Amino acid sequence: MADTKVAEMSVKVVKEPSLMTGAIPTQDWWDVEAVFKPGNYCYPGKKSIVEYHNQNLPGIFGEAREWDVESDDWKLPDNWKEIIINGIKERLDKFRSLKIFMDCCVRCGACADKCHFFLGTGDPKNMPVLRAELFRSVYRNDFTLAGKLLGEIAGARPMTFKVLKEWFMYFYQCTECRRCSVFCPYGIDTAEVTMMARELLHLVGVNTNWILEPAANSNRTGNHLGLQPHTFKENAEFLLDDIEEATGVRLQNLNFNRKGAEVLFIFPSADVFADPGIFTFMGYLLLFEHIGLDYTISTYTSEGGNFGLFTHNSLMKKLNGKMYAEAKRLGVKWILGGECGHMWRVLHQYMDTMNGPADFLEMPKSPITGTVFENAASTKMVHISEFTADLIKNGKLKLDKSRNDHQVVTYHDSCNTARGMGLLDEPRYILQHACNNFHEMPENTIREKTFCCGSGTGLNTGEIMDLRMRGGLPRANAVKYVQERYGVNLLSCICAIDRATLLASMQYWNPGVEVCGVSELLGNALIMDGEKERETDLRGNPLAGKEE
Amino acid sequence: MALAHLLQENKGEILEKWISRVLASYPDDAAMIFQREKDRFANPIGYNTRHALTALYDLLFSGDQPDPAKVAAVVEDFVKIRAVQTFTPAAAVAFVRDLKVVVREYCRKQKDAAPALADWHRFEDTLDAVSDQVFDLYMACRERLYKARLHEISHMNHMLTQHGCPSSLLDADQSAKTAVNPIHIHSNEAR
Ligand code: SF4
Ligand code: SF4
């Protein structure tokens, strides 16, 4: 796989499109400037939003101001370079992994063609090795002897505005999906380099609104949309009508902020307001009713997703802390988590060290099967797919698979749950028991090698739709294959960002393929006490054999 | 030699040149990888380029004038890719014209291959027609992209606007912002 030119880091990266000019200018990669044009960058954070964050966590988000990404004056603080270099120093001391990732890349090129952004754009700076090199070159310049002595010859370059622009461009064309790390012989995780670079960018006030505003909303009202408790509750309750229409059963179990419940259920807020997440939410409620789970939902921690993860570890910690605070206030025994991607990344990798151990909670134990979830012994938080798969395994669910016969289903492994926490088989186990027509996508596009939806880490915003489509190409390309080969018309997943962004991706790349959560399919299959003869699924689509 | 015959006889060589030329619209290092990697899932751009151009070549030179429906079927996925990349519209669809150049260069190098003028005209007319069609396909892709974006905006909001979210009381000048980014409407306090 070694790519000699990349290996030498003398990559020529610019070439005019064929026939357009006749000229073929080539330059070394670091001579090529990042040019911002409408459609290739996210809107910067609003002044009011940055002010809001600065009140809560001073010193992390730089100076609040209006600034224009396309201009050459980003209104940076005078000492911005110093802030960044000191920031790198601090992080090198604090995070050993960063130092290792800076030093140990041998530029073998194994990761070069593994990133969905590279595969969809053809831009060499989207090769993970080069992405990290954007950072590493500055590190070399200021923190290695060779870099200090030899400069460019040793691959070192000082921090300049040009470099800053490059960082803003390419660390926001990385969804921190970690696919590259799977192929790296040294396990170098470019996602972590991106996280560090984004933290540094934040320090000098270079940021994006789509991340900062949801994070502000999550802090303020508990969910990224800033829905206030009554609205959140009303939206959720409204879905009971839809459930009744489809199943004939009026659920009585939906409740909020109830002290003394056994389980606190936390899920991505998009599941109560956005299509198709709402159908996943219906699935959760049907499941809980089916097994008589004693649970409650908190309107204070009504967002599973943690937008802090995309900014700075302090904000991530603060937002995450709400889960335990609320579990304590409500006096629950343990926490159940819904179908969310980055919520689980945070939970699995950081929650315990940041805010744990949650000694005030009990070891999670399924009240229905008695299974003790020892894997969650410290965080006390169980994934709904684990929980559901255990119920199925113990024969506790009455299921009629044929109610999903009108669908031909495939499964997209969300990066965060698949690579981030190794949750690979449980969702598949549920799907096998909830539907008859299931087909996997090709081996090199699923499980640990799954391709990102293309819009994670706060890139799921409308102004960069073209870029999102490019990043989403490798995933969509694999879906297309199963669509053509098996007639797949439903792409299931266990992540709210996927549910939102794969929808747009499918509309563009593979019309005819809808997107759903795994719990939605379970909800269709669950045989409820007192139900009517089902004519439609939860979306109101006729079941197989029930078409007009 | 008749041009049609030449194009069929030398398909392998001409096609490879065409594919290389189109892939050369990407930066060198990318073009190299897109050229080399044969797994269609590990290399969607390379695979789709090769696949579409091969199928189009067969359609173009299998005898009759190519059927537009068939042309659309073989190039659509490929045009879809080009339509969201950083090319200008002209550059995105230039791959049809690239074939003219490749064939012309090929003929120039073959001493005994000087196709008749009429042949050339027929060949160019065919490619021009396909070129026009490809541009229409390109525009359809762009339109589809905007529709997907509109759908995303409207679907994130519809539950809220229907069910009495306070945001529905926001004044009209805020709606311009919501059209850009639905999240704005819910953060009056934070604004
Ligand atoms: S990051 Fe790993 S896979 Fe990529 S070039 Fe460096 S050593 Fe090789
Ligand atoms: S983490 Fe994912 S998006 Fe980022 S460089 Fe690696 S493969 Fe690309």
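The values are calculated or read from the model by the stated rules, or taken from the named source; none is laboratory data. What you see is a predicted model, and the numbers here were worked out from it, not measured in a lab. For neighbour counting, all protein chains shown are included, and Cβ atoms are generated from backbone atoms with ideal geometry for every residue, glycine included.
In table form, for the structure just shown:
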| read-out | value |
| --- | --- |
| Matching helices (runs of 4 or more DSSP H) fully within region A:65-136 where at least 1 residues are within 16 Å of ligand 2 (Cβ to nearest atom) and out of contact with any His (no Cβ under 6 Å at 6 or more places or on another chain) | A:96-103, A:116-121 |
| Selection within region B:86-103 - without any contact (Cβ under 8 Å) to a residue 60 or more places away in the chain, buried (at least 22 other Cβ atoms within 10 Å of the Cβ) and facing chain A (nearest Cβ under 10 Å) | B:Ala92 |
| Members of region A:279-310 that are hydrophobic (A, V, I, L, M, F, W, C) and modelled with pLDDT of 95 or more | A:Phe279, A:Phe281, A:Met282, A:Leu285, A:Leu286, A:Leu287, A:Phe288, A:Ile291, A:Leu293, A:Ile297 |
| Wholly within region A:301-386, helices (runs of 4 or more DSSP H) carrying at least 1 residues that are touching a residue at least 12 places away in the same chain (Cβ under 8 Å), under 24 Å from A:Leu522 (Cβ atoms) and aromatic (Phe, Trp, Tyr) | A:342-346 |
| Selection status of A:Ile60, touching a residue at least 12 places away in the same chain (Cβ under 8 Å), away from ligand 1 (no atom under 15 Å from the Cβ) and part of a helix (DSSP H, G or I) | no |
| Residue list for region A:447-475, restricted to those being among the basic types (Lys, Arg) and either crowded, with 23+ Cβ neighbours inside 10 Å or in a loop (DSSP other than H, G, I, E, B) (or both) | A:Arg468, A:Arg470, A:Arg475 |
| Pairs with Cβ under 7 Å, 6+ apart, first in region A:116-129 and under 15 Å from A:Trp167 (Cα atoms), second more than 10 Å from ligand 2 (Cβ to nearest atom) and among the aromatic types (Phe, Trp, Tyr) | A:Pro124/A:Trp29; A:Lys125/A:Trp29 |
| Whichever residue in region A:146-204 is at positive phi and away from ligand 2 (no atom under 15 Å from the Cβ) and, among such residues, is surrounded by the fewest Cβ atoms within 10 Å (Cβ to Cβ) | A:Gly151 |
| Given (1) in contact (Cβ under 8 Å) with a residue 24 or more places away in the chain; (2) within 14 Å of chain B (Cβ to nearest Cβ); (3) among the charged types (D, E, K, R), index of the condition A:Arg157 fails | (2) |
| Meets criteria (buried (at least 16 other Cβ atoms within 10 Å of the Cβ), of a type outside the set (D, E, K, R) and more than 10 Å from chain A (Cβ to nearest Cβ)) for B:Ile19 | yes |
| A:Asn444 being in a loop (DSSP other than H, G, I, E, B), free of Cβ contacts under 8 Å to residues at least 40 places away in the same chain and not assigned by TED's automatic domain parsing to the domain that holds A:Phe168 | no |
| Residue that is farthest from B:Ile81 (Cα to Cα), among those in region B:23-65 that are touching a Leu at 6+ places or on another chain (Cβ under 8 Å) and more than 11 Å from every other protein chain (Cβ to nearest Cβ) | B:Phe61 |
| Residues that are under 17 Å from B:Leu127 (Cα atoms) and surrounded by 12 or more Cβ atoms within 10 Å (Cβ to Cβ), drawn from region B:104-117 | B:Arg104, B:Glu105, B:Tyr106, B:Cys107, B:Pro115 |
| Residue list for region B:21-52, filter: within 28 Å of A:Ile446 (Cα to Cα) and touching a residue at least 24 places away in the same chain (Cβ under 8 Å) | B:Leu23, B:Pro44, B:Ile45, B:Asn48, B:Thr49, B:Arg50, B:His51, B:Ala52 |
| Among the candidates B:Tyr47, B:Tyr57, residue that is farther than 30 Å from A:Lys449 by Cα and of a type outside the set (A, V, I, L, M, F, W, C) | B:Tyr57 |
| In region A:97-125, residue farthest from the other protein chains (Cβ to nearest Cβ) [restricted to those that are crowded, with 23+ Cβ neighbours inside 10 Å and within 13 Å of ligand 1 (Cβ to nearest atom)] | A:Phe101 |
| Subset of region A:165-224 (residues that are away from ligand 1 (no atom under 16 Å from the Cβ), of a type in the set (Lys, Arg) and closer than 24 Å to A:Trp29 by Cβ) | A:Lys165, A:Arg198 |
| Enumeration of residues in region B:66-78 that are more than 12 Å from every other protein chain (Cβ to nearest Cβ) and surrounded by 15 or more Cβ atoms within 10 Å (Cβ to Cβ) | B:Pro66, B:Val71, B:Ala72, B:Val74, B:Val75 |
| When residues of region A:428-441 are limited to those that are outside any loop (DSSP other than H, G, I, E, B) and in contact with a strand residue (DSSP E or B) (Cβ under 8 Å, 6 or more places away or on another chain), the one surrounded by the most Cβ atoms within 10 Å (Cβ to Cβ) | A:Ala434 |
| Test: residue in region A:223-243 that is more than 14 Å from chain B (Cβ to nearest Cβ), more than 16 Å from ligand 2 (Cβ to nearest atom) and buried (at least 23 other Cβ atoms within 10 Å of the Cβ) | yes |
| Search result, residues across region A:168-191 that are among the hydrophobic types (A, V, I, L, M, F, W, C) and under 23 Å from A:Asn207 (Cβ atoms) | A:Phe168, A:Met169, A:Phe171, A:Cys174, A:Cys177, A:Ala191 |
| Any chance A:Gly292 is farther than 30 Å from A:Met196 by Cβ and over 20 Å from the mean Cα position of the chain (by Cα) | yes |
| Answer residue from region A:468-495, given it is of a type outside the set (Gly, Ala, Ser) and within 8 Å of chain B (Cβ to nearest Cβ) and is farthest from A:Asn209 (Cα to Cα) among those | A:Tyr481 |
| Test: residue in region A:512-520 that is buried (at least 24 other Cβ atoms within 10 Å of the Cβ), at pLDDT 95 or above, more than 24 Å from B:Ala140 (Cβ to Cβ) and among the hydroxyl-bearing types (Ser, Thr, Tyr) | yes |
